[in-house]
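K.L.:
There's a structure below that I have some questions on.
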């Protein structure tokens with residue numbers, strides 16, 4: 001029964017008992033057990049990552065009215081393993097003039113930046129890598145390593161496409177990191193903590209999505225840009241830049257970038273679920289068993305991942321100038337205004353009952369969103385009139 | 001003991017896994033380099049000129065504005081953590097803080113530096 | 001436990017390395033890299049003094065954050081100057097930028 | 001030697017070696033990447049000092065933004081990325097001398113100070129450094145003025161950098 005309630009702790013104590021029985025130092029045994037736990041978590045993640053390839057291919061096939069992989073194994077389930085074997089036995093070429101050390105370091109850092117995100121992701125009430133009190137900022141720090149890996153890959157490949165693709169990707173990532181940072185402040189304000197677990201606990205009565213739907217939406221846009229997925233995949237504009245920063249990578253090094261991107265998407269889906277949809281909480285079901293909590297968390301993460309895929313396979317790629325205009329002149333100011341309004345309303349509604357607080361927050365978000373949309377509408381009307389002349393628009397009113 | 005030791009463990013394991021995967025590719029893959037295979041990919045055409053092309057100076061502006069707002073966020077995170085207990089004056093301070101920086105954003109914008117030209 | 005002296009030695013060494021970079025490099029960007037090292041050495045000291053003094057007095061950490069802001073301002077203006085000089089004079093070697101001498 | 005001291009020595013050694021690489025590498029992009037390694041080591045130092053918030057901020061600000069800015073600036077100021085010619089000026093020995101003198105002077109200064117070999121107090125459980133930082137940064141009796149001045153400083157830096165770098169010739 002104890003195992004059912006807190007499996008990790010029971011297993012850890014059991015293992016620690018074995019290790020200290022061998023005559024190991026207690027502290028060292030503890031670190032060793034944690035090391036094994038981390039290894040287990042990351043191995044599970046890598047296996048999950050393999051199946052994400054299959055999920056992604058199956059779902060994109062459905063979006064495009066195809067069947068997807070269906071030859072290797074039932075429903076093509078063995079297909080990703082075939083892909084991996086192919087990647088492993090491929091020749092690993094390094095282009096002439098590449099900066100070898102940096103070139104080989106980049107895919108490792110790229111994968112690492114995704115894997116260390118799981119240090120702060122609570123997958124169940126009792127299962128959390130590290131209970132950092134700066135969890136939200138840690139996520140940005142991990143993203144910084146990812147940004148660095150892209151610039152390293154682009155620079156060291158000695159390839160113009162890679163360099164330009166890497167630069168564009170980094171310019172875009174840093175641009176969208178501003179709304180992302182700002183939107184991370186909103187759950188922090190609500191929870192009064194940067195700790196991921198505290199943010200989940202704070203959503204006991206109301207999901208933060210209800211308190212800040214606009215914030216959740218801006219955060220979603222920012223994470224899609226951070227991932228470099230369509231509609232923001234301009235670093236890999238196939239017609240102009242081949243494959244962007246990973247043009248020169250082959251074999252397993254390319255595989256690391258690819259697998260890293262998929263796992264990153266799923267991780268961000270999970271973090272979106274944690275910050276705005278209550279993470280592993282689901283009407284008290286998480287109290288029944290940690291296993292159920294993990295299932296709830298995974299479900300939310302996969303729903304988030306599905307939304308990211310849905311956007312990717314529905315939208316077309318936007319140009320870099322449109323992307324930058326969209327970010328700097330719309331998303332960034334909007335996120336700052338939303339932050340200020342949220343902080344103000346939070347202080348104004350302090351001490352009111354939950355339903356008043358919820359309705360007030362929700363309405364303030366709706367008002368901010370509505371004003372922003374009106375501004376965009378009038379801007380696009382002016383742009384249209386500049387091209388078509390005012391007459392046509394006037395006619396449309398008849 | 002310090003909780004960051006566990007973060008270090010995550011970093012070590014997070015580095016070991018990709019190194020292992022790449023090493024597997026290195027061990028099992030064929031190695032038959034030749035000059036054409038090793039040459040830089042430029043859609044099948046022979047590489048023209050040096051790779052280190054001159055870049056648009058605007059990339060610098062994007063990184064610059066990002067840096068400024070990054071530091072701003074660093075100041076705002078402690079503010080946001082305590083906001084619920086501090087009352088209205090802290091909110092006003094934060095709003096002043098953000099507004100001052102928005103002035104900078106507007107200046108850069110009016111200078112046309114945030115447009116892709 | 002680590003005595004405070006270790007941190008002070010470490011930060012003094014880092015400061016010395018940064019000072020060497022700032023004094024001896026020819027490239028203006030590299031000089032700024034050296035200055036970054038010096039600022040970091042100062043920050044290590046500030047945080048160490050916070051830790052080894054009264055930890056409820058946040059002065060050390062507040063100053064460290066202010067140093068972050070200063071470093072950000074210094075780097076952004078410094079590199080902008082370097083880029084501006086490069087666009088006019090086509091060089092970033094600090095020794096060659098001597099027009100104020102005359 | 002406790003495990004903590006061993007970790008400290010490893011981190012300090014790695015940081016100082018990467019610091020030396022920053023000031024001696026010929027290739028400037030490599031120098032910037034070594035700077036990242038150094039700053040990461042300093043972040044680990046903050047983590048050892050139990051200043052988690054500062055450690056994460058170090059990575060976010062330096063690795064995430066300042067290193068990127070440096071790499072962009074290097075790319076922008078070299079039409080051809082030659083690293084020919086000496087990277088150090090002819091007075092580099094004087095610079096080395098001054099640095100060693102500074103280091104020696106600082107060490108001599110420390111050793112005459114009474115609090116030199118102080119050990120740290122144990123951090124009480126439930127100590128919330130970030131929360132304390134937040135309340136002190138916004139408190140009128142404490143650091144609200146630096147807080148607002150930092151904003152003005154950043155504004156000045158942004159306006160100045162944009163103006164300096166991009167006024168047409």
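The values are calculated or read from the model by the stated rules, or taken from the named source; none is laboratory data. What you see is a predicted model, and the numbers here were worked out from it, not measured in a lab. Glycine also receives a Cβ, built like all others from the backbone with ideal geometry; neighbour counts cover every protein chain displayed.
K.L.:
Out of (1) assigned to a helix (DSSP H, G or I); (2) facing another protein chain (nearest Cβ under 7 Å); (3) closer than 30 Å to residue D:139 by Cβ, what's the single condition that is false for residue C:41?
P.N.:
(2)
K.L.:
Just one of the numbered conditions (1) within 14 Å of another protein chain (Cβ to nearest Cβ); (2) out of contact with any helix residue (DSSP H, G or I) (no Cβ under 6 Å at 6 or more places or on another chain) is not true of residue A:303; which one?
P.N.:
(1)
A quick yes/no check of all residues on (1) crowded, with 24+ Cβ neighbours inside 10 Å; (2) modelled with pLDDT of 90 or more; (3) outside any helix (DSSP H, G or I):
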{"site": "A:219", "(1), (2), (3)": "yes, yes, no"}
{"site": "A:254", "(1), (2), (3)": "no, no, no"}
{"site": "A:259", "(1), (2), (3)": "yes, no, no"}
{"site": "A:274", "(1), (2), (3)": "yes, no, no"}
{"site": "A:281", "(1), (2), (3)": "no, no, yes"}
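K.L.:
For the condition at the interface with chain B (Cβ under 8 Å from one of its Cβ atoms) and in contact (Cβ under 8 Å) with a residue 40 or more places away in the chain, what is the one hit in A:39, A:87, A:128, A:45? Explain how you work it out, then say what you get.
P.N.:
Working: A:39 fails: in contact (Cβ under 8 Å) with a residue 40 or more places away in the chain; A:128 fails: at the interface with chain B (Cβ under 8 Å from one of its Cβ atoms); A:45 fails: at the interface with chain B (Cβ under 8 Å from one of its Cβ atoms).
The conditions single out A:87.
K.L.:
Is one or more of the residues making up the range C:28-36 at pLDDT 85 or above, out of contact with any strand residue (DSSP E or B) (no Cβ under 8 Å at 6 or more places or on another chain), surrounded by fewer than 22 Cβ atoms within 10 Å (Cβ to Cβ) and at the interface with another protein chain (Cβ under 7 Å from one of its Cβ atoms)?
P.N.:
There is no residue in the range C:28-36 that is at pLDDT 85 or above, out of contact with any strand residue (DSSP E or B) (no Cβ under 8 Å at 6 or more places or on another chain), surrounded by fewer than 22 Cβ atoms within 10 Å (Cβ to Cβ) and at the interface with another protein chain (Cβ under 7 Å from one of its Cβ atoms).
K.L.:
Based on this model, can you work out whether residue D:64 counts as within 13 Å of chain A (Cβ to nearest Cβ), over 23 Å from the mean Cα position of the chain (by Cα), assigned to a helix (DSSP H, G or I) and modelled with pLDDT of 75 or more? Lay out the reasoning, then the answer.
P.N.:
Values: within 13 Å of chain A (Cβ to nearest Cβ): yes; over 23 Å from the mean Cα position of the chain (by Cα): no; assigned to a helix (DSSP H, G or I): yes; modelled with pLDDT of 75 or more: yes.
Taking the combined requirement at face value, the residue does not satisfy it.
K.L.:
Something else: Residue check: is residue C:47 part of a helix (DSSP H, G or I), in contact (Cβ under 8 Å) with a residue 60 or more places away in the chain and at the interface with chain D (Cβ under 7 Å from one of its Cβ atoms)?
P.N.:
No.
K.L.:
I'm checking my understanding of the structure. Among residues of the range A:132-151 that are more than 15 Å from the chain's Cα centre (by Cα) and more than 7 Å from every other protein chain (Cβ to nearest Cβ), which one is nearest to residue A:244 (Cα to Cα)?
P.N.:
A:150
K.L.:
Just checking, how many residues over the range D:117-145 are without any contact (Cβ under 8 Å) to a residue 12 or more places away in the chain and within 10 Å of chain B (Cβ to nearest Cβ)?
P.N.:
11
K.L.:
Tally up the residues in the range A:322-350 that are more than 17 Å from residue A:363 (Cα to Cα) and at the interface with another protein chain (Cβ under 10 Å from one of its Cβ atoms), please.
P.N.:
Residues meeting the conditions: 10.
K.L.:
Sort out which residues of the range A:67-82 are touching a helix residue (DSSP H, G or I) at 6+ places or on another chain (Cβ under 8 Å) and either more than 14 Å from chain B (Cβ to nearest Cβ) or buried (at least 19 other Cβ atoms within 10 Å of the Cβ) (or both), and write them in order of number.
P.N.:
Scanning the range A:67-82 gives A:67, A:68, A:69, A:70, A:71, A:72, A:73, A:75, A:76, A:77, A:79, A:80.
K.L.:
Continuing with this model, one more query. Only one of A:348, A:334, A:324 is touching a helix residue (DSSP H, G or I) at 6+ places or on another chain (Cβ under 8 Å), modelled with pLDDT of 90 or more and in the same structural domain as residue A:182 (by TED's automatic domain parsing); which?
P.N.:
The match here is A:334.
K.L.:
When both residues are 6+ apart or on different chains and their Cβ atoms are under 8 Å apart, which pairs have a first residue that lies in the range C:12-23 and is under 8 Å from residue D:95 (Cα atoms), and a second that is outside any helix (DSSP H, G or I)?
P.N.:
Once the first residue is under 8 Å from residue D:95 (Cα atoms) and sits in the range C:12-23, its partners that are outside any helix (DSSP H, G or I) give C:23/D:91.
K.L.:
Within the range B:94-114, identify whether any single residue is more than 7 Å from chain D (Cβ to nearest Cβ), at pLDDT below 85 and not in a helix (DSSP H, G or I), and answer yes or no.
P.N.:
There is at least one residue in the range B:94-114 that is more than 7 Å from chain D (Cβ to nearest Cβ), at pLDDT below 85 and not in a helix (DSSP H, G or I).
K.L.:
Just one of B:21, B:80 is in a helix (DSSP H, G or I), at pLDDT 80 or above, at the interface with chain A (Cβ under 9 Å from one of its Cβ atoms) and over 30 Å from residue A:190 (Cβ atoms); which is it? Write out each step before concluding.
P.N.:
Working: B:80 fails: over 30 Å from residue A:190 (Cβ atoms).
From the options B:21, B:80, the qualifying one is B:21.
K.L.:
Now for a different question. For the list (1) in contact with a helix residue (DSSP H, G or I) (Cβ under 9 Å, 6 or more places away or on another chain); (2) surrounded by fewer than 24 Cβ atoms within 10 Å (Cβ to Cβ), I need the number of the one condition that residue C:19 fails.
P.N.:
With (1) in contact with a helix residue (DSSP H, G or I) (Cβ under 9 Å, 6 or more places away or on another chain); (2) surrounded by fewer than 24 Cβ atoms within 10 Å (Cβ to Cβ) applied to residue C:19, the lone miss is (2).
K.L.:
Can you give me the number of residues within the range A:166-188 that are closer than 15 Å to residue A:227 by Cβ and more than 7 Å from every other protein chain (Cβ to nearest Cβ)?
P.N.:
Result for the range A:166-188: 7.
K.L.:
So which residues in the range A:135-158 are surrounded by fewer than 24 Cβ atoms within 10 Å (Cβ to Cβ) and part of a loop (DSSP other than H, G, I, E, B), if there are any at all?
P.N.:
The answer is A:158, and nothing else.
K.L.:
Here is a further query. Can you find, within the range A:321-337, the residue that is surrounded by the most Cβ atoms within 10 Å (Cβ to Cβ) among those that are more than 16 Å from residue B:101 (Cα to Cα) and within 21 Å of the chain's Cα centre (by Cα)?
P.N.:
That would be A:327.
K.L.:
Taking the range C:57-102 as the search range and keeping residues that are outside any helix (DSSP H, G or I) and facing another protein chain (nearest Cβ under 7 Å), which one is modelled with the lowest pLDDT?
P.N.:
C:92
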